[in-house]
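Okay, so here's the structure we're looking at.
Only the coordinates and a few stated rules stand behind these numbers; no lab work does. Not measured: the values here are computed from a predicted model. With ideal geometry, Cβ positions are generated from the backbone for all residues, glycine too; neighbour counts draw on all protein chains shown.
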Amino acid sequence: MTFTPVTDPVAGSVALSALIGLIPLVTFFVLLALVRTSAHVAGAFALLAALAVAVVAYRMPVGLAGLAASEGAVFGAFPVFWIVLTAVWLYQLTVRSGRFEDLRGVFDRLGGGDPRIQAILIAFCFGGLLEALAGFGAPVAIAATMLMSIGFRPLRVTAMCLVADTAPVAFGAIAIPITTAGGLTGLPAEHIGAIVGRQTPLLAFLVPLVLLLIVDGVRGLRDAWAPALVTGVAFAVVQFLCSNYFSYELTDIVASLASLGAVILFLRFWAPRGAEAARERLLLVPGRAEATGVRVLSPAGASRAGGPGFLPAASSGAEGGRVSRARVWMALFPYALVIAVFAASKLWRLGVDLPAALAATDIKIPWPVLHSALLGGDGKPVSSTVYAFQWLSGPGTLLLISGLVVTVVYSLKDDGGRFRLKVSDALAELWHTFTKMRFAALTIVLVLAIGYVMNLSGQTVAIGVWLAGTGAAFAFLSPILGWIGTAVTGSDTSANALFATLQQTAGQHAGINPSLLVAANTTGGVVGKAISPQNLAIAATAVGMDGQEGVILRKVIWWSLGMLLAFCCIVFLQSTPVLGWMLP
């Protein structure tokens, strides 16, 4: 029994096939945003819809459709949920050890005591660095938990982190989306990266300003626009320069560090207005947290033993006094270690090629039956039916290793007994974190199962081919493919794996620069990340809003659509003489 997906299984019509192929996505988002069901309930119904469309409309054998869903579910559990679990656990170690107060004190000092600037530093600069090194949801999970420790309200935290994680996505995980696109199309990855580096900076410089609007509305924009603009401009300029003239793989690392340094330096000479009023207005304070109705996972208001509580207002450190350098270092140690571990795993090639050594430990598993039965147009098994078990090289395992190192260090460094963390408590917190996140895990598993069924049955590609049939106007629609692909799969890399070759072929037939369209697929995926069900589930879990993914979606979808429209206009103009001069 074999199956080869086609793009026009319904009455020989690509358009009708594509419209029917959209049913699972429409089901999910309608249930989530309009009916307001829990995310795992919406995911379950959407998975049933995806299976029904695959079997009835796309004529995929029932057994193969079920196997496709099972591969997606396993991928959702490992590595995706594994990353979220270990990222949240790493943060929980600072809570259990009592070092969250010192961590908040550090960001008080870096942000001049202004929570709006702290939000930009954590969500945009630090989150961008994590996206550059890890990707796959880790930036949202870690940045969200850090912002919660300062005292921001959960819904505001999720919106900030999801929007902030758009700017660096194209060059995330050492630019793996661009490398993937180059490998699939045969186009030079450096050239694709250079074009992307002339698209994403046009909006990246605005993202910190958007974050101000999300955090504090027009008042925040009026009071703190200058450091936000400095942050965005520094990121955008360095993103352009590095992607075009240095190394596209290192673009986000350099841009994130440059933007962080630029805003810290700028704050030495300029202070935003209304910092104290913003703290009182924006952060949770005792007695007010209960009004939100949202409990957070073992929050900063918890007891030393990790019991339940609510987030208090941020302070300048334990006892409200000046925190010693040793305590500052210990508070920052987990995140400094994460950066070091991920940088070494991606970049270390002195003496030993560490990235290659880690990659060699991956176990490639052709999915039983599915791999031999699901064939591409060339009659060969498709690569996406090979599951890569990254037991050592995956971001989740690297986060686990970081957490174990932190546990050992925190168990030895006790500062007079006050901050000592028992190894048994740390391991118990890992189990406690898992039990708190079980429904989020179910959501992530279901979402990835939907993505795999849609991809392997041909639904996603049919949607892409339908949009590609618009001729010269396709330059305007091109980013939408990347947006859809990333929204479905949660990964810009996966979106390129789905549509990069299609974009190249469409460009050749429509007389549009193929490299421009492949780059546009990557760029469109950048803003699709904000509404990906996978990322919504990650964000909701990190702040304790399990089951409220629909609320988060309604908060961020208009930002995602607005940025998508801007990218569509940019790409269309770059395909014409109006902005054609921008292309390398």
* Asked: For segment 378-414 and segment 144-203, what is the separation of their C-alpha centers, rounded to whole Å?
  -> 20
* Listed highest first by mean packing, meaning other Cβ atoms within 10 Å per residue, what order do 363-372, 393-402 come in? -> 393-402, 363-372
* Asked: What's the extension gain from Arg109 to Ala340 if we count 0.36 nm per residue and subtract their Cα-Cα distance?
  -> 80.9 nm
* Match the structure shown to one of the listed values (i) 38, 27, 22; (ii) 35, 32, 25; (iii) 46, 30, 22 of semi-axes √(5λ) of the Cα gyration tensor in Å, computed from it, and give that label. => (i)
* Structure fact -> Note to self, the chain gives a 222 nm [θ] from helices alone (DSSP H runs n ≥ 4, -39500 (n - 2.57) apiece, / all residues, nearest 500) of -20500 deg cm²/dmol
* Asked: Residues with amide H under 5 Å of Leu375's amide H, sequence separation 5 or more or different chain, H placed in the peptide plane at 1.01 Å from N; which?
  -> Phe3, Thr4
* In terms of the Cα gyration tensor, with a ≥ b ≥ c the square roots of its eigenvalues, is segment 77-192 rounded because a/c is under 1.5, prolate because a/b exceeds b/c, or oblate? -> prolate
* Asked: When the label point is put 7 Å from the Cα of Met582 along its Cα-to-beta-carbon vector, which residues of segment 194-237 have a backbone N closer than 15 Å?
  -> 194-207, 236-237
* Shape call for segment 113-173 from the C-alpha gyration tensor, a ≥ b ≥ c root eigenvalues: rounded (a/c under 1.5), prolate (a/b greater than b/c) or oblate? -> prolate
* Asked: Taking a spot 7 Å from the Cα of Leu19 along the direction of its beta carbon, which residues of segment 46-73 have an amide N less than 19 Å from it?
  -> 50, 53-54, 56-59
* Prolate/oblate/rounded call for segment 161-241, Cα gyration tensor, a/c under 1.5 rounded -> prolate
* Asked: Tell me which lysines have Cα within less than 26 Å of Lys529's Cα, excluding those fewer than 8 residues away on the same chain?
  -> Lys346, Lys436, Lys555
